Amino acid sequence: MSQAPSSGLLEIFDPKAPPKPIGIDLGTTNSLVAYVKNERPTTVKDCDQAALVPSVVHYGDAGEVVVGKNAQLRAAERPRETIVSVKRFMGRGGDDPETRRLGPYAFVVPEEGAPNVVRFAVGEKVVTPVEVSAEILRSLRRLAEDELRSVGGAVITVPAYFDDAQRQATKDAGRLAGLEVLRLLNEPTAAALAYGLEKKQNGKFAVYDLGGGTFDVTILVLDDGVFQVRATGGDSALGGDDMDRALAEEIFRLTGREASSASPSEVRVVLDLARRVKHGLTDADVVDFESPFGGPGAEAGAPLSIARARFDELVEPLLARTGAACRRALKDAGMKPEELDGVILVGGATRVPAVRSWVAKTFGKEPLGDIDPEEVVALGAAIQANLLAGQGSADDVLLLDVIPLSLGIEVGGGVVDRILPRNTTTPAAARAAYTTQEDNQTGFEIHVVQGERELAADCRSLARFTLKGIPPMVAGMARLEVTFRVDADGLLSVHAREERTGVEQTVSVKPSYGLDDDTVEQMLLDAIDHGEEDLAARKLAEVRVEASRVVASTKKSLAADPDLLEPGEQARIESAIADLEGAISGADARRVELKIEDLDAATKGFAGRRMNRAIAQAIEGQALETVERSVEHAKGIEAAHAESGPLPPAPPSG
Amino acid sequence: MDPFAMLGAPRRFDLDLSALEKTHRELSRALHPDKFAQAGASERRAALEKAASVNEAWRVLRDPIRRAEALFQAEGLAVGETNEPKASPAFLMEVMEEREALADARAARDLAKVKALGAGVSARAKAVESRLTAGFAGGSPSRDELAALLPLLGELRFYRRFLDEVEAIEEEAEERALAGARGVSP
């Protein structure tokens with residue numbers, strides 16, 4: 001007992017303590033921040049000892065921005081200026097159906113040529129979901145800073161079923177909030193990490209994640225510290241909010257009022273009342289309340305009630321929608337429900353009794369619930385942040401995640417050619433080759449889409465761009481190679497090149513829904529104009545940290561594999577290190593960046609050789625278990641390196 | 001990229017997939033970007049690229065059709081429907097009959113018949129896989145042997161599509177049964 005407080009004090013007052021990495025669950029309804037303290041993940045609490053920060057942002061008349069509980073208090077009075085459940089609007093276009101659902105907001109139609117994103121009118125201002133989310137993240141960062149003083153990088157969680165635009169928007173929000181985003185992590189994988197490390201148990205698990213606004217189901221296998229996601233599915237517009245809406249519509253019915261005739265504040269009041277009724281029905285069989293206003297069915301203040309059985313009926317269609325996704329994910333994973341070793345519940349909406357019993361029935365076993373379903377994601381994110389920052393002790397832990405929805409390109413006839421199918425393990429890369437449809441075609445129009453449908457028009461449009469400058473050729477002669485790369489955050493980049501002429505454009509992809517880099521950069525500058533920090537000082541501090549990390553890591557690599565160095569290479573690398581160290585002690589951020597680039601160039605060949613050695617060692621390690629086969633393998637490798645295989649053929653270009 | 005070389009696997013059709021899965025996992029442990037979060041840009045890039053290649057190799061090798069395609073490609077043959085010989089009229093005829101039988105069984109909601117057709121096709125797919133196994137068992141096949149094996153790819157693709165359809169019909173029936181149990185008309 002006497003030890004704990006003193007180590008706590010040491011942590012707080014040690015001026016040399018490294019910045020602490022944090023994990024953030026940026027939820028639809030509530031958000032949390034957590035970090036690893038004495039090898040255990042723990043949530044950061046506010047002055048009222050509450051970990052959950054309502055994901056509500058209020059824009060005041062005097063330009064003040066309020067986040068969390070205090071914003072929630074203003075929601076009923078100022079519904080238009082108070083954005084609730086902003087996550088539902090992330091990465092969506094200004095004309096998305098989501099903007100037409102029951103809700104109190106005033107939307108602004110984007111101007112011609114402006115990025116096609118949702119825009120809320122809040123008083124005099126117009127804000128995008130990325131900016132609103134950044135306010136939530138900034139408030140979480142400050143909360144963490146109060147406790148930790150110095151915050152390092154952050155892992156931010158996203159629903160597994162988020163598409164590329166939604167992920168990009170989340171990462172932009174992190175940047176805008178002044179966070180170094182170490183990784184976007186899928187929420188179910190984060191939850192599994194929190195459970196897995198807790199239980200140290202191998203097996204097959206399903207994670208059923210019903211949050212405020214999103215539903216995910218993920219099937220994963222945990223084996224010797226490797227969390228391999230086998231399949232994921234879901235609905236990025238289905239969640240506890242929909243239960244609130246169903247209850248709100250029931251309340252309107254009970255009062256005899258039309259929801260469509262209600263004012264924005266009445267809608268807000270009813271939605272809040274619905275949420276309280278939902279919470280009440282977790283423990284009670286009936287919840288009584290007073291009619292929020294008068295109508296043909298009830299006077300204002302008249303006693304009304306909703307029973308659990310009625311609520312169960314209202315929730316049933318929503319649960320049925322989750323069922324199809326669960327069966328699909330199990331099938332994609334090639335598993336039967338009875339093969340699962342456990343079902344993990346995530347998300348506040350899984351507290352609803354009807355959800356629990358439905359999950360138990362569908363998977364044939366009682367779900368695990370020993371970690372708070374509202375905290376488990378943030379706890380997992382904190383563990384991952386610690387691992388990425390090199391501060392973790394569990395070195396053999398690895399998360400292998402997947403792409404939730406297939407990625408492809410529109411080809412002739414509006415049909416999608418799938419390049420990376422859903423449930424492909426990330427990071428991933430794949431190429432496809434195409435040809436011209438018409439004689440003398442000098443440009444390729446490339447339309448990148450995400451989704452499972454056959455036609456591009458039915459999938460989500462991610463980006464469009466044109467590869468120009470191809471000399472006129474007969475149809476079918478040009479050979480366009482398109483490369484898709486998905487990184488460990490699940491973010492896509494696309495590269496196109498015409499093979500015969502070598503025309504290659506590192507095309508700047510203009511996202512169909514979302515903000516381009518310049519816009520985000522401008523927002524960042526605007527945010528800093530508000531006097532939060534000195535941009536130059538912050539920039540210098542950031543590049544110095546990055547530079548020191550690169551120097552340390554390079555020295556480590558040199559010491560680890562000196563035999564891989566070519567003659568003169570060590571001297572070149574060491575001189576680049578010395579230059580960089582010189583720049584670090586100066587005060588010119590740009591110079592530090594240049595010297596990082598120089599060191600990067602000097603180490604390129606060495607880095608490649610180190611990776612090849614890592615591959616050879618991993619294969620060798622495996623081969624020890626199967627000695628006989630390994631002899632055959634080694635022969636194959638020599639022959640195979642001589643020539644790389646041909647590209648896949650051009651698909652018929654209709 | 002040669003997926004066999006990438007995962008250190010022998011160039012044959014019948015691979016020990018559980019051993020390969022382990023190799024993939026060990027390679028991921030060594031190369032995953034998470035392990036290089038603190039490294040310099042050149043190492044991070046090299047690791048990302050290799051990790052993606054390793055994942056791609058595993059994705060190719062665990063899928064029988066793509067594995068077979070990779071074997072032909074490694075022997076210098078182009079694959080894909082435009083590069084392969086056209087299927088024989090006899091095979092096409094057979095295929096049409098099978099498809100019709102499946103469509104009829106679906107229309108009649110005869111799930112037992114659907115399953116039986118699926119079992120028949122999957123047995124034939126297995127037989128084709130055995131021929132591929134034998135064909136690639138003794139190192140590089142000769143040109144003639146390769147030419148004789150190449151049409152098997154088209155057959156495998158057909159069987160895959162057929163079995164996907166069988167699954168879709170089974171799923172449809174399952175959803176219908178569930179909707180019925182909830183008292184909702186489909």
* Asked: In terms of Cα to Cα distance under 27 Å, which lysines are near enough to A:Lys468, apart from those fewer than 8 places away along the same chain?
  -> A:Lys510
* Asked: Rounded to the nearest 5, what is the percent of antiparallel bridges among the DSSP beta bridges in the protein assembly as shown?
  -> 80
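Which length gain, in nm to one decimal place, applies between B:Ala134 and B:Ser18 when the Cα-Cα distance is subtracted from 0.36 nm times their residue separation? Don't skip to the end; give the middle numbers.
Details: separation 116, 0.36 × 116 = 41.76 nm, distance 2.06 nm.
Full extension of this stretch gives 39.7 nm more.
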* **Rounded to the nearest 20 debye, dipole of the protein assembly as shown from Cβ charges on Lys, Arg, Asp, Glu** => 780
* Work from the charge dipole of region A:535-636 (Cβ charges, +1 for Lys and Arg, -1 for Asp and Glu, about the Cα centre) and give the residue of A:Ala589, A:Thr554, A:Ala616 farthest towards its positive end. => A:Ala589
* Nearest 20 debye, what's the magnitude of the dipole of region A:535-636 about its Cα centre given +1 on Lys and Arg Cβ and -1 on Asp and Glu Cβ? -> 320
* Asked: Of B:Ala148, B:Ser130, B:Leu61, whose Cα points farthest to the positive end of the dipole of region B:31-186 (charges on the beta-carbon: +1 Lys, Arg; -1 Asp, Glu; origin at the Cα centre)?
  -> B:Leu61
* To do: Pop a pseudo-label 7 angstrom from the Cα along the beta-carbon direction at both A:Leu565 and A:Lys539 and give the gap in nm to one decimal.
  => 3.4
* Structure fact -> Phi angles of region A:349-356, converted by Karplus (6.51 cos²θ - 1.76 cosθ + 1.60, θ = phi - 60°) into ³J(HN,Hα) in whole Hz with x for Gly and Pro, give 5, 6, 6, 5, x, 4, 5, 4
* Structure fact -> Interchain or sequence-distant (5+) residues whose placed amide H lies within less than 5 Å of the amide H of A:Leu398 are A:Val226, A:Phe227
* To do: For A:Arg149 paired with B:Glu94, estimate the spin-label separation in nm (one decimal), with each label point 7 Å from Cα along the Cα-to-Cβ line.
  => 7.7
* ³J(HN,Hα) across region A:513-522 via Karplus (A = 6.51, B = -1.76, C = 1.60, θ = phi - 60°), whole Hz, x for Gly/Pro? -> 10, x, 9, 7, 4, 4, 5, 5, 4, 5
* Structure fact -> Within region A:535-636, pairs of Lys residues whose Cα atoms are less than 30 angstrom apart, provided they are eight or more positions apart or on distinct chains, add up to 10
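Taking the Cβ-Cβ separation of A:Glu338 and A:Ala457 as r and a Förster radius of 41 Å, what is the calculated FRET efficiency to the nearest 0.05?
Working: r = 40 Å, r/R0 = 0.97.
For R0 = 41 Å, the calculated efficiency reads 0.55.
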* Asked: According to a simple spin-label model (label point 7 Å from Cα along Cα-to-Cβ), what is the distance in nm between A:Lys365 and A:Lys555?
  -> 4.9
* Asked: Applying the Karplus parametrisation 6.51 cos²θ - 1.76 cosθ + 1.60 with θ = phi - 60° to the phi angles of region A:103-113, what ³J(HN,Hα) value in whole Hz is obtained for each residue in order, glycine and proline being reported as x?
  -> x, x, 7, 9, 9, 10, 6, x, 5, 3, x
* Between A:Arg321 and A:Val126, what length in nm is gained on full extension when 0.36 nm per residue of separation is reduced by their alpha carbon distance? -> 66.8 nm
* What share of Cα pairs, in percent, lie more than 44 angstrom apart in the protein assembly as shown? -> 33
* Pull up the cross-link candidates among the lysines for A:Lys331, meaning alpha carbon to alpha carbon under 23 Å and not fewer than 8 places away within one chain. => A:Lys204, A:Lys361, A:Lys365, B:Lys22, B:Lys113, B:Lys115, B:Lys126
* Asked: At a Förster radius of 60 Å, what calculated FRET efficiency corresponds to the Cβ-Cβ distance of A:Glu593 and A:Ala302, to the nearest 0.05?
  -> 0.35
* So for region A:301-454: antiparallel DSSP bridges make up what percent, rounded to the nearest 5? -> 90
* **Long-range HN-HN contacts of A:Gly297 with modeled amide H, under 5 Å** => A:Gly256, A:Arg257
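Values in this text are rule-based calculations from the coordinates and carry no lab data. Quick caveat: nothing in here was measured; it's all calculated off a predicted structure. Glycine also receives a Cβ, built like all others from the backbone with ideal geometry; neighbour counts cover every protein chain displayed.
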